[in-house]
Structure formats: C-alpha cells, structure tokens
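Student: Please find one structure pasted underneath; my questions will follow.
The values are calculated or read from the model by the stated rules, or taken from the named source; none is laboratory data. All of these numbers come straight from a predicted model, not from anything done at the bench. Using ideal geometry, Cβ is built from the backbone for each residue, glycine included, and neighbour counts are taken over all protein chains shown.
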Amino acid sequence: MEYNKKVVTLVYGCQMSERDAETLTEITRHFGYSPSEDLETADLVIVNTCCVRESAENKILGKIGELKKLKERNSRVKIAISGCMVQQPGALERLQKRAPHVDIWAGTHNLHDFSALLRKVEQGEKVAEVWQEPKGTLEVASFAEKGKLHANVNIMYGCDNFCSYCIVPYVRGRERSRKPKEIIEEIKSLVDSGCREVTLLGQNVNSYGKEFTPALDFADLLHQVDQIASLLRIRFITSHPKDLSDKLIKAVAEGEKLCEHFHLPIQSGSNFILERMNRKYTREYYLKRVQQIRELIPNASITTDIIVGFPGEAEEDFEQTLTMMKQAHYSQAFTFMYSKRSGTLAAKMEDQIPLDVKKRRLQKLMSVQNSESLEWRQHMIGQVVEVLVEGPSKTNPQRLTGRTRGNELVVFKGDLASIGSLVHVKINEAGTWTLVGEVESNRGIQSFM
Ligand code: 5AD
Ligand code: SF4
C-alpha cells in the first residue's frame, strides 16, 4: 500500500489568508497529501502568514522557531512558509537567515506555483519564490475544499487604497477582480458538493469590477449569485465605507439570500485621524451611510474595525471614537492597537503614541463595545430569527449552534438532522457574544442536504 503523506496547515490572519491556506492544502492533496492536525507525524507543515500587525508576526516567528525543534525530532518533515509576511519588501532575506530550516518560502503571488515548489522540495531542494507583482491567471482560486457547509470565495485580490497604517497594498498588490462567470462557476460547484453559504471576499468589495467593460459592479454580481439554486445564504467582506453605494444597500435589502450584515470598518471616529489615515471619508459621511442602511434594512447588523493609538491621536480624538461606537450601534467590533508597519506612511509620522496609552484606550474601547454588543443582542430577545444550523456547540455538545442572517452566533437545543438547514429560533437569552434560543418547531425546517 502506498504511504499516505500528511500535511498540517497553520493559518494566521484574515479570511483571505484562510482562503489562501485552503488553496495550498488542496494543491498538496493533488500530490497525495491528506490534511492532518498532528505535527509529530506530519510530512509537510505549511504556515500561511500575516503581517498586518507586529503581534501576529511575533507569534509566527515563535511558531517557526518551534518548527525547528520539530524538524530535529522528525527529520522527514518539510516546512513551508507562505503569504503576506514573506511578501513584505525585503523580508525574505531576513527570514531566510533567521530560519534556515525552512524548505519552501512562497509569497502571496506565488501560491498557484506551489505544486512546482513542492516537487522540487520532494527531490531534496530548498526553494524560495517571491514575485514582486502577480503574473499569469488568477485562477488559483479554483482549488477549494469540497463538501463544507460554508465556503470563502475570492471575488477580487489586492487593494488600491493605501490607508496610511496598512501594509496590505504592499503585500497583496493592486486591485484585480475575478470575472463573474468564474466566480459563479466556482460557487455552483461548491453548492453541488454541499455548500449552502458563501462569503465573498475582497479587501474592498465595493470597488469590484471597476475595470470591467461593459460595466458590472458588485451589486450586479450579487444579483447573479443570488440566483444560484440551493445556495441559502450570501455574505461579503469587507466594505470600504467610501465606496458603499445606495445600489448595494438596495441589493442587500432586496436579495433573497443576501444576509443583512455589513462589515464597515470605521477605524476612527475623529475626522482629524481619519484624514491622517487616508480613509477618504468623514465621521458625518459614515454616519449617513449607517443611517441609510438602517432606513432600508432596519434589522441590519453592522460590524466594524477600529484602531486606537494611531500617531497623533489625542484624548479628544479617542473620545470621538467612543461616541461613534454609541451612535453606530455595532453588533460587534474588532479592535486593535495601532502597530507600526515599516514602509507605510504612518510609520514615518511623528507623535507615535506610547504603548501604555494604547493599552488603556483599547481596554476602554472594548468595555464600551462589550456593553453595546450586549445591548444589541438583548434587543433580540423574544424575536424569532432564521438560523443556518452549523453543528454541535463546541462548549456544549448537547446543543447546536448556527448563525443568524446578521451573523450573530446562536446556541439552541435541536435535532442533529437539522445540520445544514435553516431553522427558526426564538431568542430567550442574550450575552455579549452569544444568543440562546429554542427552535420554533411549528415553523418547520427547510432542508436542502
Ligand atoms: N495596526 C493596527 N491595526 C491595523 N489594521 C490594519 N493595519 C493595522 C495596523 N498597522 C486593522 C484595520 C483593518 C483590520 C483588518 O486590521 O482595522 O481594518
Ligand atoms: Fe488596508 Fe485600507 Fe486596503 Fe483595508 S482598505 S486593506 S485597511 S489599505
């Protein structure tokens, strides 16, 4: 019998990074590797990296160090480090010096080529491939894991916005949109394998298709995806507020499968800081967009990203962020301390904020958002909400979990047979992160599995 090779894939960072890691794992499957979680028996370990904040980089460097020890115990294992951290200008040489035990280095633009790299490594070579620009076709995305209830689907790559704190445009390149036909085909094939919910991914989905003639924008793409039979739900991330069109809000209001959830990163509530961040909108403009969403879709869930301690952020700027949190009524916020990224504009700015001030502001921000999140969920008590059943709850296997259309997590007692279906759940209790409810059995379940 042929020896069954095992690959362990470790992922850091955002959903794009997760999606890239999935592509790499699927490529190795074609080479006879099967996914595993056990490092000790692995033949290949892939670490798909993130460099958006220093804290992620430090964790990854620690992991790469641990893998050196693994290699001492298990001489068969090959190590591959891929993604954003490797792609950073000038990073490869530094990383190679620090970690000579690594067998494959691959930048974000070299993932499609992973099979060629792997072949060389299996023949005993060490390889490093980091192109400065993307080349060739975009269709690495067609390597997707089949048979999952939820799938991430890239609709575009890269970012043209150059927010002054952000390294992403330097490691993901300029914006490129995938053709609608290819996206639709990929989703159809996922649906054929059992997928019922997709999240369309892009750094700024609202500028999807801006290079297309004849014109076709993100709302048009959503209309097409909404037509796919047996698909139950469509989500998308991330929306840059400056490009959020009325047409898109209307599309979400009208689309049958389009979930009423907008991830709309504000980053700061202060106009002074927003300008220094190069976000290209004001607090007032942002609030108008939120109001527009709430008018058309009263129960829409809005989530956000916020950075505290951006260079020059005075106490009053931070106060503006706190009042913004209260005005926008976010259901959830991802909050970060500003992290200096070399090569970005903000890294050169004066008035960098001391770490203790950043920490204090982050704590305060989190406590304000926690009470907002709780209030948001408490409002849902008594409502009957549609939930896509994902499986047994990790914290209580006697219960099931799933998500509402607004992406809130719900825990409830139910039948294992309902996994993969939509059920209606009456909300009885609410915490900061979770809702607790019971299935409204008289509404029945809608099964597609
Ligand atoms: N420091 C802290 N947070 C950052 N983000 C991006 N760059 C940085 C940085 N240098 C955050 C932003 C973005 C999210 C994905 O990560 O809030 O929306
Ligand atoms: Fe970074 Fe701004 Fe692009 Fe988002 S929109 S990836 S924060 S540069």
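Student: Does Lys181 count as under 21 Å from Glu390 (Cα atoms) and more than 20 Å from the chain's Cα centre (by Cα)? Even if it seems obvious, please write down each step before you answer.
Tutor: Working: under 21 Å from Glu390 (Cα atoms): no; more than 20 Å from the chain's Cα centre (by Cα): yes.
Judged against the criteria, Lys181 is not a match.
Student: Mind listing just one residue for me: the one in region 285-310 that is assigned to a strand (DSSP E or B) and of a type in the set (Val, Ile, Thr) and, of those, nearest to Val252 (Cα to Cα)?
Tutor: First, pick out the residues of region 285-310 that are assigned to a strand (DSSP E or B): 301-308.
Subsequent filtering for residues that are of a type in the set (Val, Ile, Thr) retains 302-304, 306-308.
On the way: Ile302: 13, Thr303: 15, Thr304: 18, Ile306: 24, Ile307: 27, Val308: 31 Å.
The extreme case among them is Ile302.
Student: Given region 323-438, what strands (runs of 3 or more DSSP E) lie entirely inside it while holding 2 or more residues that are among the aromatic types (Phe, Trp, Tyr) and in the same structural domain as Leu149 (by TED's automatic domain parsing)? If you could, list the steps in order and put the result at the bottom.
Tutor: Values: elements: 332-337, 384-392, 400-403, 409-413, 422-430.
Here the list reads 332-337.
Student: Give me the residue from region 201-243 that is in contact with a His (Cβ under 9 Å, 6 or more places away or on another chain) and basic (Lys, Arg) and, out of that set, farthest from Gly173 (Cα to Cα).
Tutor: Initially, region 201-243 is screened for residues in contact with a His (Cβ under 9 Å, 6 or more places away or on another chain), giving 203-207, 233, 235-239.
This time we only want the ones that are basic (Lys, Arg), so: 233, 235.
Working: Arg233: 30, Arg235: 24 Å.
Restricting to residues being in contact with a His (Cβ under 9 Å, 6 or more places away or on another chain) and basic (Lys, Arg), the top hit is Arg233.
Student: If you don't mind, there's one more thing I want to ask. Which numbered condition trips up Gln398, out of (1) in contact with an Asp or Glu (Cβ under 7 Å, 6 or more places away or on another chain); (2) modelled with pLDDT under 95?
Tutor: All conditions are met except number (1).
Student: With the condition kept exactly as written, say whether any residue in region 149-158 is more than 18 Å from Glu18 (Cα to Cα) and either modelled with pLDDT under 95 or within 16 Å of ligand 1 (Cβ to nearest atom) (or both).
Tutor: Taking region 149-158 first, the residues more than 18 Å from Glu18 (Cα to Cα) are none.
Checked against the condition, which is being more than 18 Å from Glu18 (Cα to Cα) and either modelled with pLDDT under 95 or within 16 Å of ligand 1 (Cβ to nearest atom) (or both), region 149-158 yields no hits at all.
Student: If you take the residues of region 74-103 that are surrounded by fewer than 18 Cβ atoms within 10 Å (Cβ to Cβ) and at pLDDT 95 or above, which of them is nearest to Arg341 (Cα to Cα)? Spell out the reasoning first.
Tutor: Initially, region 74-103 is screened for residues surrounded by fewer than 18 Cβ atoms within 10 Å (Cβ to Cβ), giving 74-76, 89-90, 93-94, 96-101.
Now narrow it down to the ones that are at pLDDT 95 or above: 93-94, 96-101.
On the way: Glu93: 18, Arg94: 16, Gln96: 20, Lys97: 21, Arg98: 20, Ala99: 21, Pro100: 24, His101: 26 Å.
The residue in question is Arg94.
Student: Something else now. Give the number of residues within region 229-268 that are outside any helix (DSSP H, G or I), more than 16 Å from ligand 2 (Cβ to nearest atom) and surrounded by 17 or more Cβ atoms within 10 Å (Cβ to Cβ).
Tutor: The total comes to 11.
Student: While we're looking at this one, here's another question. Looking for whichever is closer than 27 Å to Ile306 by Cβ, more than 16 Å from ligand 2 (Cβ to nearest atom) and in contact with a strand residue (DSSP E or B) (Cβ under 9 Å, 6 or more places away or on another chain) here; the options are Val389, Val410, Val384. Which one fits?
Tutor: Numbers: Val389 fails: closer than 27 Å to Ile306 by Cβ; Val384 fails: closer than 27 Å to Ile306 by Cβ.
The conditions single out Val410.
Student: For region 1-56, list the strands (runs of 3 or more DSSP E) that sit wholly inside it and hold at least 1 residues that are farther than 24 Å from Leu190 by Cα, within 16 Å of ligand 1 (Cβ to nearest atom) and outside the structural domain of Tyr338 (by TED's automatic domain parsing); which are they? Before the answer, list the steps.
Tutor: On the way: elements: 5-11, 33-35, 44-49.
Output list reads 44-49.
Student: Restricting to region 299-325, and then to whatever is within 25 Å of the chain's Cα centre (by Cα) and either free of Cβ contacts under 8 Å to residues at least 40 places away in the same chain or farther than 20 Å from Asn407 by Cα (or both), can you tell me which residue is nearest to ligand 1 (Cβ to nearest atom)?
Tutor: Residues of region 299-325 within 25 Å of the chain's Cα centre (by Cα): 299-310, 321-322, 324-325.
With either free of Cβ contacts under 8 Å to residues at least 40 places away in the same chain or farther than 20 Å from Asn407 by Cα (or both) added as a condition, the list becomes 307-310, 321-322, 324.
Details: Ile307: 5, Val308: 9, Gly309: 9, Phe310: 8, Thr321: 12, Leu322: 16, Met324: 14 Å.
Selected residue: Ile307.
Student: Would you mention how many residues in region 158-183 are more than 11 Å from ligand 2 (Cβ to nearest atom) and crowded, with 19+ Cβ neighbours inside 10 Å?
Tutor: Number of matching residues: 4.
Student: Scan region 159-195 for residues that are of a type in the set (A, V, I, L, M, F, W, C) and away from ligand 1 (no atom under 16 Å from the Cβ) and jot them down.
Tutor: Filtering region 159-195 for residues of a type in the set (A, V, I, L, M, F, W, C) gives 159, 162-163, 166-168, 171, 183-184, 187, 190-191, 195.
Of everything in region 159-195, those that are of a type in the set (A, V, I, L, M, F, W, C) and away from ligand 1 (no atom under 16 Å from the Cβ) turn out to be Ile183, Ile184, Ile187, Leu190, Val191, Cys195.
Student: Can you find a residue in region 393-413 that is within 30 Å of Ala151 (Cα to Cα), crowded, with 16+ Cβ neighbours inside 10 Å and within 16 Å of ligand 1 (Cβ to nearest atom)? Write out each step before concluding.
Tutor: Of the residues in region 393-413, the ones within 30 Å of Ala151 (Cα to Cα) are 393-413.
Still in the running and crowded, with 16+ Cβ neighbours inside 10 Å: 393, 400-412.
Narrowing further to those that are within 16 Å of ligand 1 (Cβ to nearest atom): none.
Within region 393-413, not a single residue is within 30 Å of Ala151 (Cα to Cα), crowded, with 16+ Cβ neighbours inside 10 Å and within 16 Å of ligand 1 (Cβ to nearest atom).
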